[in-house]
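These notes are about the structure you will find just below.
The values are calculated or read from the model by the stated rules, or taken from the named source; none is laboratory data. Just so we're clear, the structure is a prediction, and the values are computed from it rather than from any experiment. Don't worry about glycine lacking a Cβ; one is built from the backbone with ideal geometry, like all the others, and counts go over all protein chains shown.
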Amino acid sequence: MDPRSQGWTVDVDPSLPEVSPLLLVVKRPEDGWPVLSLDEIESRLEAIRASVNLEELRAEPAVQAYRDFYWKLGIDPTKKRPAGEALARRVLQGKPMPKINPIVDIYNLISAETRIAIGGYNLATLTSYCPDKVLRLCPATKGEHFLGIGMSDPVLLKGNQVVFMAGKLPFAIFPYRDGYQTKINGDDKAVLFALEDVPGLPDGLLEYTAELLLASFGYD
């Protein structure tokens, strides 16, 4: 068990044998959550724009890996884009990055940089649904309700999605939409990050993203 997960594990359904999310627990630093300066954000966004264009982005191995995973599920990745690709496309199209709160803003930026889909969740809320710390990653149950962040009403799952479950709560659609109930508020005492693994990701990219994420929150 990775000590960085602080006891949290994922029980992956046997139908998804090559999927193994990397879990990280990050606690609020004593001096509060770090806030990126506007200059640092713009510098990092400019680095993304200088490193790749939209055509090249589509051909990247990480982007292709997530897209291939979607197609296997019967989901069109040009309509429901994996989180990392969607954020990187936003940057390349000159659109502003979503500004949510310091925690989410940092991991969204890292996701755009690495193309790795990252889910972030309030640890206290997650624990209330899942006191045994064993999450499940499994095919969705057709007709089950899911309330995503930004949704005014729940949607019915179609059964071809893959969902994260905390107890009986589907709290994320893997790997692109997090749920409302476990959202990060910005003043959280601790959060859990899930770095979304799929077959075909370049060797070492998930771990590199994990180290970048931990360093951003003051972990050596």
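Out of (1) more than 22 Å from Arg49 (Cα to Cα); (2) in contact with a helix residue (DSSP H, G or I) (Cβ under 9 Å, 6 or more places away or on another chain); (3) buried (at least 21 other Cβ atoms within 10 Å of the Cβ), what's the single condition that is false for Asp76?
So Asp76 meets the others, but not (3).
Looking at the structure I just gave you, is Thr209 at pLDDT 95 or above, hydroxyl-bearing (Ser, Thr, Tyr), farther than 17 Å from Ile116 by Cβ and not in a strand (DSSP E or B)?
Criteria not met by Thr209.
Cβ-Cβ under 6 Å, sequence separation 6+ or interchain: first residue in the stretch 56-79 and on the phi < 0 side of the Ramachandran plot, partner among the basic types (Lys, Arg) and assigned to a helix (DSSP H, G or I). Which pairs?
Pro77/Arg67
Filter the stretch 142-156 for residues that are polar (S, T, N, Q) and surrounded by 17 or more Cβ atoms within 10 Å (Cβ to Cβ) and give the result.
Within the stretch 142-156, none qualify.
Looking at Trp33, Trp8, which is the one that is buried (at least 16 other Cβ atoms within 10 Å of the Cβ) and touching a Lys or Arg at 6+ places or on another chain (Cβ under 6 Å)?
Just one listed residue meets the conditions, Trp8.
Let's see how each residue does on (1) among the hydroxyl-bearing types (Ser, Thr, Tyr); (2) assigned to a strand (DSSP E or B); (3) at pLDDT below 95:
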position	(1), (2), (3)
Met1	no, no, yes
Asp11	no, yes, no
Ala62	no, no, no
Arg81	no, no, yes
Ala88	no, no, no
Pro98	no, no, yes
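Please pick out the residue among Asp153, Asp197, Asp220 that is acidic (Asp, Glu) and either within 30 Å of Leu92 (Cα to Cα) or modelled with pLDDT of 95 or more (or both).
The conditions single out Asp197.
Results for (1) over 24 Å from Trp33 (Cβ atoms); (2) over 15 Å from the mean Cα position of the chain (by Cα), shown as yes or no for each residue.
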{"position": "Ser128", "(1), (2)": "no, yes"}
{"position": "Thr141", "(1), (2)": "yes, yes"}
{"position": "Ile149", "(1), (2)": "no, no"}
{"position": "Phe171", "(1), (2)": "no, no"}
{"position": "Leu206", "(1), (2)": "no, no"}
{"position": "Leu214", "(1), (2)": "no, no"}
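Does Val25 satisfy the criteria of being touching a strand residue (DSSP E or B) at 6+ places or on another chain (Cβ under 6 Å) and either surrounded by fewer than 13 Cβ atoms within 10 Å (Cβ to Cβ) or among the hydrophobic types (A, V, I, L, M, F, W, C) (or both)?
So Val25 passes the test.
Which one of these is of a type in the set (Asp, Glu), more than 30 Å from Lys189 (Cα to Cα) and surrounded by 11 or more Cβ atoms within 10 Å (Cβ to Cβ): Glu60, Glu40, Glu85?
Answer to the selection: Glu60.
For the stretch 155-182, what are the residues that are in a loop (DSSP other than H, G, I, E, B), touching a residue at least 40 places away in the same chain (Cβ under 8 Å) and more than 12 Å from Ile75 (Cβ to Cβ)?
Answer for the stretch 155-182, where residues must be in a loop (DSSP other than H, G, I, E, B), touching a residue at least 40 places away in the same chain (Cβ under 8 Å) and more than 12 Å from Ile75 (Cβ to Cβ): Gln181, Thr182.
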